[in-house]
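The values are calculated or read from the model by the stated rules, or taken from the named source; none is laboratory data. These numbers were taken from a predicted model, which means no experiment stands behind them. Cβ: placed from backbone, ideal geometry, glycine included. Neighbour counts: every protein chain shown.
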Amino acid sequence: MAPPAIVVEAFRKTYGEVEAVAGIDFTVAEGEIFGLLGPNGAGKTTTLECLEGLRTPTEGTLRVRGIDPAREPGRLRDAIGVQLQTSGLPDTMRVDEAMRFFCAYHGVAPRFDLLERLGLQAKLRAQYGTLSTGQQRRLALALALAHEPPVVFLDEPTAGLDVGTRAELHALVGELRERGVALILATHDMAEAEKLADRVAILLGGRIVASGTPKALTAAAVDLTRVTVRSERATLQGRTAPLPGVQRQAREDGYEVYFSDAIGPTVAAVLRALEEADDPLVDLRVERPSLEERFLELTSAGGAQ
């Protein structure tokens, strides 16, 4: 079995009296997308910066494909690609110049195909300072991937992107995963993390308060499952007998909405009631709490887990 692409063990980072990261552990396998989630100040950026060799950990072990980021920056630079939230490119640098510069640094041919795929073909001779926020972020992503690194760090990768470019980025991330690239995705977009990540860790106050697959985390939520039903004659609307598992109910846009803590008995009872009333089912939806709802549950509870 291949060793993890990224290893974080007992990692702490302090700034004077402030403990930004308070001893966390996680690994990321090759070909895995790992979501690092948390509110501002949770320790996400500090963790990424230490893995990227930009800061030195106070304690613990960090390895990126066996490389110590703090002690082996020369080996690290070709092993990782980094898309930061903000770029330090000069405003007067052209898009094509930036691509040539970054590729020369890594000793590879310029990847103008990436610029074309990310919708920057018409901006090759445009100066960086004239690009929109979304265009700047697309350029940062293209530069991060140009040397085909085996490990990629994405910090809020789709912030400021339009719907089409966001979809293209998601497709590109999926292709990287299929090629065996390990990716860490730091984002505030819970829907994006739920869609893309194989596993996630939720940071709060410098500690991991929950981790696992998005499905496992949402399954552990204490929120009730939402069952939404619509039938031809709406016979459920006048029903007075309680349904098993239903803690509360509502009516929204012609739908009966049940909030249940026992989804199986609730759905079975709904279908049985409609069959007995000879009322054909039009629509039935069962929705577990989303990753965003689970995230809010954890952060509002202070991270008890």
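Starting from the stretch 20-36, keep only residues that are within 19 Å of Thr56 (Cα to Cα), then list their pairs with residues that are of a type in the set (Asp, Glu) whose Cβ atoms are within a distance under 6 Å, requiring at least 6 positions of separation or different chains.
Note: pairs meeting the criteria are Asp25/Glu9.
Of (1) at pLDDT below 95; (2) in a loop (DSSP other than H, G, I, E, B); (3) closer than 25 Å to Arg166 by Cα, Glu30 satisfies all except one. Which?
(1)
Just name the residue that is nearest to Asp78 (Cα to Cα) out of those in the stretch 47-66 that are among the β-branched types (Val, Ile, Thr) and touching a residue at least 40 places away in the same chain (Cβ under 8 Å).
Val64
So if I check each of Ala191, Ala250, Ala216, which one is under 19 Å from Ala262 (Cβ atoms) and surrounded by fewer than 19 Cβ atoms within 10 Å (Cβ to Cβ)?
Within the list Ala191, Ala250, Ala216, the selection yields Ala250.
Can you report the number of residues in the stretch 159-185 which are in contact (Cβ under 8 Å) with a residue 60 or more places away in the chain, of a type in the set (Lys, Arg) and surrounded by 14 or more Cβ atoms within 10 Å (Cβ to Cβ)?
Selection size over the stretch 159-185: 1.
Going by the conditions given, is Gly245 modelled with pLDDT under 85 and not assigned by TED's automatic domain parsing to the domain that holds Thr187?
Answer is no for this residue.
Whether any residue in the stretch 10-27 is in a loop (DSSP other than H, G, I, E, B) and at pLDDT 95 or above is what I want to check.
No: zero hits.
For the list (1) over 24 Å from the mean Cα position of the chain (by Cα); (2) surrounded by fewer than 17 Cβ atoms within 10 Å (Cβ to Cβ); (3) not hydroxyl-bearing (Ser, Thr, Tyr), I need the number of the one condition that Pro39 fails.
If we test Pro39 against (1) over 24 Å from the mean Cα position of the chain (by Cα); (2) surrounded by fewer than 17 Cβ atoms within 10 Å (Cβ to Cβ); (3) not hydroxyl-bearing (Ser, Thr, Tyr), just (1) comes out false.
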